Amino acid sequence: MAVQPEGTPCWADAMFSDLEGAKNFYGEVLGWTFGEASSEYGNYTQAYANGKAVAAVVPPMPGQEGQSQWCLYFASPDAAATAARIRESGGEVLMEPMQVGDFGTMCLAREPSGAVFGVWQAGVHEGFEATAVPGAYNWAEVFTRDPETTDAFLTAVFPYAAKQLEDDGVDFRVFNIGDDTVLGRMRMTDEFPPEIPSYVNVYFGVDDCDAAVARATKLGGVLRFGPMGSPFGRFAALSDPQGANFSVIDTTTTEGDRPSFQDV
């Protein structure tokens, strides 16, 4: 796949203190296989779905141990310029843009309501080699308690056009690049425990949502929500045995009509 337009989700990785446990879990649940660990880059290990690179897992660096979480990276033609906009827009740069060999340049940041994300300026590593197929990245949503601030931040940092779901009961917004919808934003309700911070929820494709949930829970994963049908696919929210949240979705099994969105 070619370098993605600015603001497009282009890569995902996660730190796991038990790297072999993570490989076993995601290998069983999503069908991933894994490449050789790159000792030069902290044992960074790429995951593959049908031979295509779709994510990576890595052990934490000393001092970075904590609950595992998936980090979604957004494409940027200039990571330093994106980092400057992040600061100007009320975000926090957690890791300054850093060149990773000839692979590209990465940056880690936190948007104003607390969700952590990455920025990737592609070199020879352009990002996902496959999307929207079983085992690969499919979709992502920013869950936030302060949607007004998050919305303003996202459209200031990336070249997004926003559309709001026409539903008085749900505060949900999507962000488009041209004709492509690339990201969602969901207001966190009181159903979320107060100790859960804002976060980015990554969806991976599966060919059978219920079967994937059964595999995950059998291996020690925790079902958080679903499985539930929707106009976009049958999906479920999970936590893996090391606490990283993610969702699975089968986009071939849909229910109901697609909702309407209005420009904002």
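Restricted to the range 214-264, the set of strands (runs of 3 or more DSSP E) holding at least 3 residues that are at pLDDT 95 or above comprises 222-228, 234-239, 245-250.
Scanning the range 160-212 for residues that are small (Gly, Ala, Ser), over 20 Å from the mean Cα position of the chain (by Cα) and more than 20 Å from Ser247 (Cβ to Cβ) gives Gly169, Gly178. Mind listing whichever residues of the range 82-123 are under 19 Å from Pro5 (Cβ atoms), more than 15 Å from the chain's Cα centre (by Cα) and aliphatic (A, V, I, L, M)? Passing the criteria: Ala83, Ile86, Met106, Ala122. Considered as a group, the residues in the range 124-133 that are under 14 Å from the mean Cα position of the chain (by Cα) and of a type in the set (Gly, Ala, Ser) include one that is most open to solvent (accessible area, probe 1.4 Å), and that residue is Ala132.
When Glu96, Glu111 are screened for being among the acidic types (Asp, Glu) and crowded, with 20+ Cβ neighbours inside 10 Å, only Glu111 passes. Just checking, does the range 62-77 include any residue being in contact with a helix residue (DSSP H, G or I) (Cβ under 6 Å, 6 or more places away or on another chain), at pLDDT 95 or above, within 30 Å of Lys218 (Cα to Cα) and open to solvent by less than 60 Å² (accessible area, probe 1.4 Å)? The answer is no, given that none of the residues of the range 62-77 is in contact with a helix residue (DSSP H, G or I) (Cβ under 6 Å, 6 or more places away or on another chain), at pLDDT 95 or above, within 30 Å of Lys218 (Cα to Cα) and open to solvent by less than 60 Å² (accessible area, probe 1.4 Å).
One residue stands out among those in the range 7-44 that are of a type in the set (Asp, Glu) and assigned to a helix (DSSP H, G or I): the one that is nearest to Phe246 (Cα to Cα), which is Glu28. Search the range 147-205 for residues being among the small types (Gly, Ala, Ser) and part of a strand (DSSP E or B), and hand back the single one that is most open to solvent (accessible area, probe 1.4 Å). Filtering the range 147-205 for residues that are among the small types (Gly, Ala, Ser) and part of a strand (DSSP E or B), the one most open to solvent (accessible area, probe 1.4 Å) comes out as Ala161. If Gly66 satisfies every condition in (1) farther than 22 Å from Gly184 by Cα; (2) in a loop (DSSP other than H, G, I, E, B); (3) in contact with an Asp or Glu (Cβ under 9 Å, 6 or more places away or on another chain) but one, which is the exception? Among (1) farther than 22 Å from Gly184 by Cα; (2) in a loop (DSSP other than H, G, I, E, B); (3) in contact with an Asp or Glu (Cβ under 9 Å, 6 or more places away or on another chain), the lone unmet condition for Gly66 is (3).
The values are calculated or read from the model by the stated rules, or taken from the named source; none is laboratory data. No experiment lies behind these values; they were computed from the predicted model shown. Every residue, glycine as well, gets a Cβ built from its backbone with ideal geometry; the counts of neighbours run over all protein chains shown. SASA here: full protein model, heavy atoms, side chains in, ligands and nucleic acids out. Shrake-Rupley method; radii C 1.70, N 1.55, O 1.52, S 1.80 Å.
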